[in-house]
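The values are calculated or read from the model by the stated rules, or taken from the named source; none is laboratory data. Remember, it's a predicted structure, so these values are computed and weren't measured experimentally. Quick reminder, even Gly has a Cβ in these numbers, built from the backbone with ideal geometry, and neighbours come from all protein chains shown.
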Amino acid sequence: MGGRPVVLRGAGEVVAACGDDPMVVWGAQGMRAGVRAWALEDAVAVACPDLNRRDRLTVCGGAARVAALVRAVRGELGSSYRMLGDRALVEEVAARLSAGQAPAGFEWMDMGRADAVAVAGGPGSPSPVGGRAGWLGGGEEAEVTALLARASPSSWAVPGVAGVRRWAGARVDGALVATAADAWSCPGVGFVAGVATAPACRGRGFAERVCRFVFGELLAAEGRVALMVDSDNTAAIALYGRLGMRLRPVAAATLDGTAG
C-alpha cells in the first residue's frame with residue numbers, strides 16, 4: 001500500500017485523525033512525554049509507553065491500512081508494545097502481520113455524559129445499604145492494598161503504580177468494603193480500574209455505590225469515562241451496563257501477531 005505515515009504532533013491532531021474515538025484518545029494520554037502517533041489514510045496508531053501497565057499501540061481504521069501502518073512503525077517501537085483495538089480489527093491485522101497465536105480478547109466499556117442516565121447522586125451520597133462513597137486520602141492506601149489482596153489480587157491498579165491517581169471507597173462501621181481507582185485518565189477520557197468489594201460484602205450494592213461516585217466525578221471532569229473488563233466477568237459487565245456504559249469488544253496482540 002502506497003503512501004508514508006504522517007506523524008501526528010499533538011492531542012488535537014490525534015482527535016481529528018481518529019474521529020474522537022475514545023479508546024484512541026485514551027491511548028494518546030494527551031500526548032504526554034514519550035507518546036508518538038501516526039496516520040495513514042484512515043488508519044491511526046498511537047504508541048504510549050507504560051499505559052495500564054503495558055506499552056500499548058492503540059489502533060483504528062481499515063484493516064489493510066492499519067496493517068500497513070503497523071508494519072511501517074513497529075521497527076521504531078520494539079517488542080514490548082501490544083496492539084490494542086476493536087477485536088475484529090486486531091484479529092485481522094494480526095493475521096496480516098503473522099500467523100501467530102490468536103489475540104487475547106476482553107471488553108472496553110465507555111460512556112459520555114449523555115449516556116449516564118443511571119449515574120445519580122452527588123459525592124458521598126448514601127447507598128441503599130447505608131455506606132457512603134468518596135475519595136480516600138493517601139493515608140488510607142494501605143487499606144486499599146489489603147482489600148485488593150483479598151478481593152481482587154489480579155487487579156492491574158494498585159496503590160503506588162504509575163498512573164494510578166487516587167482511590168475512592170465505601171465504608172461500613174469504619175471498615176473499607178469497596179474501592180475503585182481513577183487510573184490512567186487523560187484529557188477527554190476518565191479511566192476507572194481496581195474495582196473491588198470485600199468478599200463478605202458482595203451483592204449488597206457497595207461496588208455500585210463506589211462506581212456511581214467515580215463515574216460521576218470523572219464524567220464531570222473529562223466528559224467521558226471508560227474501563228476494561230474481562231469478557232467472562234458478567235456481573236461487572238451487567239453493573240457497568242446499568243450505569244450507562246456501552247460494550248465494545250476489543251483485543252490485544254504483540255506486534256508479531258501473538259497474543260498479548
A careful count of residues in segment 61-107 that are free of Cβ contacts under 8 Å to residues at least 60 places away in the same chain and not aliphatic (A, V, I, L, M) gives 9
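Checking the conditions here, which among Arg113, Arg96, Arg74, Arg132 is in the same structural domain as Gly194 (by TED's automatic domain parsing), modelled with pLDDT under 95 and over 24 Å from Asn233 (Cα atoms)?
Arg132
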Please tell me if Gly12 is assigned to a loop (DSSP other than H, G, I, E, B) and over 21 Å from Glu91 (Cα atoms). no
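Pick out the one residue from Arg9, Arg56 that is under 26 Å from Val225 (Cβ atoms) and either of a type outside the set (Asp, Glu) or touching a residue at least 24 places away in the same chain (Cβ under 8 Å) (or both). Quick ask: steps written out before the conclusion?
Numbers: Arg9 fails: under 26 Å from Val225 (Cβ atoms).
Being under 26 Å from Val225 (Cβ atoms) and either of a type outside the set (Asp, Glu) or touching a residue at least 24 places away in the same chain (Cβ under 8 Å) (or both) holds for just one of Arg9, Arg56, which is Arg56.
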Which of (1) over 30 Å from Gly216 (Cβ atoms); (2) under 17 Å from the mean Cα position of the chain (by Cα) does Glu91 not meet, given it meets every other one? (2)
Could you go through segment 25-42 and let me know if any residue there is farther than 14 Å from Asp55 by Cα, out of contact with any Gly (no Cβ under 9 Å at 6 or more places or on another chain) and loosely packed, with under 13 Cβ neighbours inside 10 Å. no
